[in-house]
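The structure appears right after this line, and notes come after that.
No lab work stands behind these numbers, since they all come straight from the coordinates. Since the structure is predicted, the reported quantities are computational estimates derived from the model, not experimental observations. Note that each Cβ is placed from the backbone with ideal geometry, even for glycine, and that neighbours are counted across all protein chains shown.
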């Protein structure tokens, strides 16, 4: 077994131990609830933990399969996210073909470019060419009502659900300084620090959060965000050995990723408020939809990708 | 066997494209005899309802569908009667040999549940529902013990509008409301209005919002 596989297994094992601890904690709390009753807070917690199990196992399997597994997993996540976004986006019958093209042509092409390592094309394909092409397809159907609003919402969906998410597996194309195949571990590192940052932000914000960042949008607090970013930095520092950043560099990268991610979820809170949505869907029990789970990953991915390429490349 | 397999494949496709989800708001997902009456905007309505029913309920539920549509080609004749186990009725009074109501009541008496679309045709207007046909009322009168369950299928007019070939992947929700029955001495128009209101009440407030 090579070192990369060994490290993946080791990391999975570490997360499994954590999840076992959380599951046992939940069961212990359940046992304290009197016979024949249920505590909704404990049940909600357990539902989240169970979903975490599913997500962690899926990611671990995809990473063990290798680049193809990771690319397919993120392509599917993009599809699920886009499906949620378009459900609540403004659209007219004239947009049917352009939206179908977005889902069934643009999305697979973008991930194909990632798989082929065509870095030049994958960075301009959606922001430039999909941006120009899809409005043409809509315009040919000749419905001008709210045209700019419609194509803008579609383009937003493409940018966040496909483009930004595809930059996570695009980390695979990063050439490690030592020439090894360990760039796949960068993805594990990135996902772990962003998700742990989210988790700490959530629970710390609930425990001792006071000052809200955007009171009309989201319950996020300054204290929660600081705690989340610090926790991400500490965890990133400890995980430094799987990255080419070194310990301090890894802590800084983790803090950066977590911070952009948390700001990203604020943007998503605003979008949800605008569209009158509470959860994007019910596909991940206890978490909402794919977009609810991935909002911070989506915003952090381009920043992490470009800083990795230009500072450490 | 082949029908069972194709059925699972269709349900899986529907789930992949629309992540279709059931909202059991007014009833429990148990195998009780019911008539699900639903809004009709697309040919994909019936497969959506069929998909969200748990398998044990699916097997005893028969969609009521138009014979002229489902017998047109060999493929349809396999999918409609075999896969979905449709109760086929003829919409053209001059051509039919059997009374549609007789066929539906017979299916009910055999213990099946039914899926019906009381608007009779696909709704192409901006109104939420077309006026209901009398069938639902007659059925409710003839078999008063059967629960009539309003069933709203959301978003399908955007997933597959008439004339489009490729379905859009959008999330579809099927909402089951509280069952209604024809009340003692209730007239046809009063009942049909009550049924339509119960169905429209299940529609989401702002269904994505077409521009």
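Odds and ends about this structure:
- Mean residue ellipticity at 222 nm, helices only, chain A: -23500 deg cm²/dmol; runs of at least 4 DSSP H residues each add -39,500 (n - 2.57), and the sum is divided by the number of residues.
- Inter-chain Cβ neighbour average for residues B:158-171, partner chain, 10 Å: 6
- Whole-angstrom gap from segment A:189-242 to segment A:274-313, using each part's C-alpha centre: 14 Å
- Gyration tensor (alpha-carbon) shape descriptor, segment A:67-173, a/c threshold 1.5: prolate
- Relative contact order for segment A:175-313: 23 percent, from Cα pairs under 8 Å spaced at least 6 residues apart, divided by residue count.
- Enclosing the Cα atoms of segment A:175-313 in their convex hull gives a volume equal to 108 cubic angstrom per residue.
- Relative contact order, percent, chain B [alpha-carbon distance under 8 Å, six or more residues apart]: 30 percent
- With q set to 0.16 Å⁻¹, the log10 of I(q)/I(0) for chain B, from the Debye formula over equal scatterers at the Cα positions, is -1.13.
- Computed FRET value (nearest 0.05) for residue A:53 with residue B:32, which takes r as the C-beta separation and R₀ as 30 Å: 0.30
- The simple Förster model, with R0 at 22 Å and r as the Cβ-Cβ distance, assigns residue B:23 and residue A:273 a FRET efficiency of 0.45.
- Shape call, segment A:74-118: gyration tensor on alpha carbons, a/c limit 1.5: oblate
- For the protein assembly as shown, the equivalent ellipsoid built from the Cα gyration tensor has semi-axes of 48, 27, 22 Å, listed from largest to smallest.
- Using the Stokes-Einstein relation with a Kirkwood hydrodynamic radius computed over Cα pairs, the translational diffusion coefficient of segment A:214-256 at 37 °C and a viscosity of 0.692 mPa s comes to 299 µm²/s.
- Values of log10 I(q)/I(0) for chain A across q = 0.08, 0.12, 0.15 Å⁻¹ run -0.38, -0.86, -1.28, by the Debye formula with one identical scatterer at each alpha carbon and no solvent.
- DSSP bridge analysis restricted to segment B:2-200 gives an antiparallel fraction near 20%, rounded to the nearest 5.
- Distance in nm between pseudo-label sites at residue A:32 and residue B:184 (7 Å out along the Cβ direction from Cα): 5.5 nm
- In plain terms, the chain from residue B:125 to residue B:77 could stretch by 14.4 nm, reckoned as 0.36 nm per residue minus the Cα-Cα distance.
- Kirkwood-based shape ratio for segment B:102-211, expressed as Rg/Rh from alpha carbons: 1.00
- Chain A, relative contact order [Cα under 8 Å, separation at least 6], %: 18 percent
- Hydrodynamic analysis of segment A:1-65 uses the Kirkwood radius over alpha carbon pairs. Inserted into Stokes-Einstein at 4 °C and 1.567 mPa s, it gives a translational diffusion coefficient of 97 µm²/s.
- Among beta bridges from DSSP that stay inside the protein assembly as shown, the antiparallel ones total about 25%.
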